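Asker: Let me give you the structure first, and then I'll get to my questions.
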Amino acid sequence: MQLITLIPGDGIGPEITKAVTDIFAAAEVPVQWEEQNAGQTTFDQSGELIPQALLTSLEKNRVALKGPITTPVGKGFRSINVTLRQKYNLYQNVRPAKTTEGIASRYADSGIDLVLFRENTEGLYAGLEIFDEHNGIADSIARNTVAGAHKICRAAFAYAAKNGRKKVTLAHKANILKVAGKVMLDAAQDAAREFPEIQYEEKIIDNMCMQLVTKPEQFDVIVTTNLFGDILSDLCAGLVGGLGVVAGANIGDDMAIFEAVHGSAPDIAGQGKANPTALLRSALMMLHHIGEHAQADKIEKALNLTLRNKAQCTGDLGGQASTSEFAQNIIANFGK
Ligand code: NAD
């Protein structure tokens with residue numbers, strides 16, 4: 001039994017988390033959950049945003065599944081996601097986007113199957129910001145390190161090689177960002193030389209956006225810096241049905257946190273309307289990460305079968321099922 005830290009989060013977090021743990025229990029997945037919460041709910045109860053008990057659990061188990069956490073806009077605390085990424089150097093943000101039968105999108109017939117690797121700790125998110133009030137000048141510095149750029153580029157190529165992928169595309173702006181952009185360009189070219197069996201191409205970020213919305217099926221693995229990756233990852237989610245259905249992971253050399261990428265959806269919290277697909281798919285990525293491939297494949301097959309039958313799904317997918325009914329429908333499809 002592998003111990004996994006479980007962070008239910010806020011809003012719809014506990015509901016979608018229960019759906020996932022129910023599905024895992026029914027599938028007899030050999031994991032044991034260690035529940036430790038963080039976020040608004042925890043803060044309201046204990047005055048602590050990220051309790052020490054959660055950090056201890058993460059440092060012991062090294063693998064976690066996390067629901068969405070409410071972050072107040074423009075005030076209050078720093079994003080817990082950003083805090084954990086920085087603290088544990090979770091430098092890879094991995095976001096698969098794949099067309100799925102039964103999930104509506106403008107690109108439903110496109111056969112999209114791509115994986116985005118976003119650098120997760122550097123670039124414009126390095127926290128190097130200065131406001132010179134006297135002169136009215138705001139600086140936000142994009143800091144890319146040679147070591148960090150090499151790590152994310154190498155991770156993207158290694159993933160491609162391990163998973164039978166054919167091509168890695170670097171999305172960059174090194175034509176304008178001649179310093180920070182160039183570091184990433186050099187790192188990607190070095191990684192490409194290390195993996196000669198993987199095709200490599202470079203696209204300037206503006207052209208990349210245009211190509212993603214006109215011919216998304218041409219992409220396989222994409223690697224990019226933090227800000228571009230933040231934007232592209234939601235763009236790619238939009239190509240395949242939106243944030244409610246895509247998985248995400250924050251991965252470092254010795255820790256990985258798998259998470260639903262959508263928010264805590266306060267408008268539907270506690271109503272049994274939330275779609276657990278995004279968190280479930282993140283949990284399936286987690287199973288692959290810990291080597292439980294057969295269990296992941298079995299649950300994914302049942303999920304895909306359920307998604308093809310609208311009536312068995314939640315309202316956002318055009319069905320009438322509640323969160324827990326949707327989970328039960330997936331369980332009923334095991335082995336079919
Ligand atoms: P949101 O993703 O919570 O909601 C946007 C819309 O999508 C809402 O109408 C919501 O009902 C719907 N929705 C989202 N997830 C759904 C699901 N699983 N099933 C069905 N419908 C779903 O975005 P928001 O309203 O901008 O943010 C709410 C809170 O979540 C904010 O505090 C924000 O900071 C936080 N947030 C957290 C994360 C995270 O923890 N990873 C990510 C994004 C936003």
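The values are calculated or read from the model by the stated rules, or taken from the named source; none is laboratory data. Just so we're clear, the structure is a prediction, and the values are computed from it rather than from any experiment. Neighbour counts run over all protein chains shown; Cβ positions are idealised from the backbone, glycine included.
Asker: Would segment 261-284 turn up any residue that is within 20 Å of K98 (Cα to Cα), of a type in the set (D, E) and near the ligand (Cβ under 10 Å from one of its atoms)?
Answerer: Within segment 261-284, none of the residues are within 20 Å of K98 (Cα to Cα), of a type in the set (D, E) and near the ligand (Cβ under 10 Å from one of its atoms).
Asker: Right, another one. Exactly one condition in (1) within 22 Å of the chain's Cα centre (by Cα); (2) under 18 Å from Y91 (Cα atoms); (3) of a type in the set (G, A, S) is false for A147; which is it?
Answerer: Among (1) within 22 Å of the chain's Cα centre (by Cα); (2) under 18 Å from Y91 (Cα atoms); (3) of a type in the set (G, A, S), the lone unmet condition for A147 is (1).
Asker: I'd like to verify a number: residues in segment 112-131 that are assigned to a loop (DSSP other than H, G, I, E, B) and under 20 Å from the mean Cα position of the chain (by Cα), how many?
Answerer: 7
Asker: Which number in (1) in a loop (DSSP other than H, G, I, E, B); (2) buried (at least 18 other Cβ atoms within 10 Å of the Cβ) marks the one condition that R106 misses?
Answerer: In the conditions (1) in a loop (DSSP other than H, G, I, E, B); (2) buried (at least 18 other Cβ atoms within 10 Å of the Cβ), R106 misses (2) alone.
Asker: Does segment 15-25 include one or more residues that are out of contact with any helix residue (DSSP H, G or I) (no Cβ under 8 Å at 6 or more places or on another chain), at pLDDT 95 or above, outside the structural domain of A160 (by TED's automatic domain parsing) and under 30 Å from R308 (Cα atoms)?
Answerer: Yes, segment 15-25 contains at least one residue that is out of contact with any helix residue (DSSP H, G or I) (no Cβ under 8 Å at 6 or more places or on another chain), at pLDDT 95 or above, outside the structural domain of A160 (by TED's automatic domain parsing) and under 30 Å from R308 (Cα atoms).
Asker: Could you list, ordered by first residue, the pairs with Cβ atoms under 9 Å in which the first is in segment 1-28 and of a type in the set (F, W, Y) and the second is within 14 Å of the ligand (Cβ to nearest atom) and at pLDDT 95 or above, at least 6 apart or interchain?
Answerer: These pairs meet every condition: F24/A283.
Asker: What do you reckon, is A311 within 16 Å of the ligand (Cβ to nearest atom) and out of contact with any Lys or Arg (no Cβ under 6 Å at 6 or more places or on another chain)?
Answerer: No.
Asker: Of all strands (runs of 3 or more DSSP E) completely enclosed by segment 1-99, which ones contain at least 1 residues that are polar (S, T, N, Q) and away from the ligand (no atom under 15 Å from the Cβ)?
Answerer: 2-7, 31-35, 92-98
Asker: Determine whether A155 is in contact with a Cys (Cβ under 9 Å, 6 or more places away or on another chain) and touching a residue at least 40 places away in the same chain (Cβ under 8 Å).
Answerer: no
Asker: Still on this structure, I have one more. For segment 256-263, does any single residue satisfy the condition of being in the same structural domain as I69 (by TED's automatic domain parsing), out of contact with any Leu (no Cβ under 6 Å at 6 or more places or on another chain) and closer than 21 Å to N329 by Cβ?
Answerer: No, there is no match, as no residue in segment 256-263 is in the same structural domain as I69 (by TED's automatic domain parsing), out of contact with any Leu (no Cβ under 6 Å at 6 or more places or on another chain) and closer than 21 Å to N329 by Cβ.
Asker: Go through segment 246-257 residue by residue and tally those that are under 11 Å from the mean Cα position of the chain (by Cα) and not in a strand (DSSP E or B).
Answerer: 1
Asker: Condition test on S110, is it of a type in the set (S, T, N, Q) and under 17 Å from E217 (Cα atoms)?
Answerer: The answer is yes for S110.
Asker: Hey, another quick one. Scanning for something assigned by TED's automatic domain parsing to the domain that holds E28, within 21 Å of K162 (Cα to Cα), part of a helix (DSSP H, G or I) and in contact (Cβ under 8 Å) with a residue 12 or more places away in the chain, does segment 308-323 turn up at least one residue?
Answerer: Checked segment 308-323: no residue is assigned by TED's automatic domain parsing to the domain that holds E28, within 21 Å of K162 (Cα to Cα), part of a helix (DSSP H, G or I) and in contact (Cβ under 8 Å) with a residue 12 or more places away in the chain.
Asker: Can you pull out the residues in segment 198-234 that are farther than 25 Å from K178 by Cβ, touching a helix residue (DSSP H, G or I) at 6+ places or on another chain (Cβ under 9 Å) and not in a strand (DSSP E or B)?
Answerer: Result: I198, V213, P216, Q218, F219, D220.
Asker: Which of the residues belonging to segment 1-39 are out of contact with any Leu (no Cβ under 8 Å at 6 or more places or on another chain) and either within 18 Å of S79 (Cα to Cα) or small (G, A, S) (or both)?
Answerer: Within segment 1-39, P8, G9, D10, G11, I12, G13, A25, A26, A27 meet the criteria.
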